[in-house]
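The values are calculated or read from the model by the stated rules, or taken from the named source; none is laboratory data. Remember, predicted model here, so these are calculated numbers, not experimental data. Here the Cβ positions follow ideal geometry from the backbone for every residue, glycine too, while neighbour counts run over all protein chains shown. For accessibility, only protein heavy atoms count, side chains too; no ligands or nucleic acids. Shrake-Rupley method; radii C 1.70, N 1.55, O 1.52, S 1.80 Å.
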Amino acid sequence: MFVIVSGDGGFAALAKKLHEYGKTVIGCAYRSAVNKTFQAVCDEFVWITDPEEKVQPAHVPDQLGVTDPRNIRLAEQVARVTVPTPENIVAKTREILDWYAQNTTTSVDLVQKGITLSVIKEAVMYAIPDFQPGRLGFAKFIEYMQFVCQGTIYCIVRLPTSQVVLALRCAVPNGSEVLPDLDAHEMECG
């Protein structure tokens with residue numbers, strides 16, 4: 001019996017050759033990184049749990065509008081707001097930003113290219129039921145984020161492509177414009 005710990009399709013030929021010699025082949029790999037041909041030629045296949053890709057309960061994406069893989073992982077680890085006071089909403093949003101900075105996948109995104117505001121908004125909408133920036137005196141989500149980033153390691157950046165992203169202040173992508181932080185007194189219902 002041979003165990004091949006890889007998802008690489010190049011091992012399919014090895015598995016076939018081992019079968020020619022009457023050997024049993026067991027494959028092991030992450031679900032997200034397995035070649036289907038290699039999987040098919042193995043006698044058995046054992047799935048390895050990827051620490052960055054936990055199995056998500058089916059109810060989170062379907063019922064709560066979470067579709068981005070990063071936010072599916074976030075939804076497993078960040079609790080939703082139960083009392084949506086303005087202070088709790090801002091604190092929860094900053095908790096989401098801190099999660100992005102600490103997660104191995106999203107921290108790389110923050111340093112290299114930033115995370116688009118649509119991804120951030122999806123996470124905020126998940127964690128804060130019925131979130132609407134207008135209820136806090138912000139005309140747009142981008143303005144709310146400029147306020148949330150005030151006094152933190154995060155900033156809102158407009159890339160040369162005009163896309164707006166969340167980035168780390170110490171790792172602003174070249175040629176990008178850092179949008180100013182906004183104070184609460186600048187944000188009034190209008």
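So that you can scan it fast, the table gives a plain yes or no per residue for (1) in a loop (DSSP other than H, G, I, E, B); (2) closer than 17 Å to Glu95 by Cβ; (3) open to solvent by 80 Å² or more (accessible area, probe 1.4 Å):
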| position | (1), (2), (3) |
| --- | --- |
| Glu122 | no, yes, no |
| Pro129 | yes, yes, no |
| Phe147 | no, yes, no |
| Gln150 | yes, yes, no |
| Cys155 | no, no, no |
| Ala167 | no, no, no |
| Cys170 | no, no, yes |
| Gly175 | yes, no, no |
| Asp181 | yes, no, no |
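Any idea which residue in the stretch 67-100 is surrounded by the fewest Cβ atoms within 10 Å (Cβ to Cβ), counting only those that are within 11 Å of the chain's Cα centre (by Cα) and modelled with pLDDT of 95 or more?
Trp99
Among the residues of the stretch 142-157, how many are within 16 Å of Pro86 (Cβ to Cβ) and aliphatic (A, V, I, L, M)?
Final tally of qualifying residues: 2.
If you take the residues in the stretch 1-24 that are in a loop (DSSP other than H, G, I, E, B) and within 13 Å of Lys36 (Cβ to Cβ), which one is most open to solvent (accessible area, probe 1.4 Å)?
Per the criteria, the residue is Asp8.
For the stretch 25-38, what are the residues that are of a type outside the set (Val, Ile, Thr) and either surrounded by fewer than 17 Cβ atoms within 10 Å (Cβ to Cβ) or in contact with a Pro (Cβ under 6 Å, 6 or more places away or on another chain) (or both)?
Cys28, Tyr30, Arg31, Ser32, Ala33, Lys36
Return only the number of the condition from (1) modelled with pLDDT under 90; (2) surrounded by 12 or more Cβ atoms within 10 Å (Cβ to Cβ); (3) not basic (Lys, Arg) that His59 does not satisfy.
For His59, the failing item is (2).
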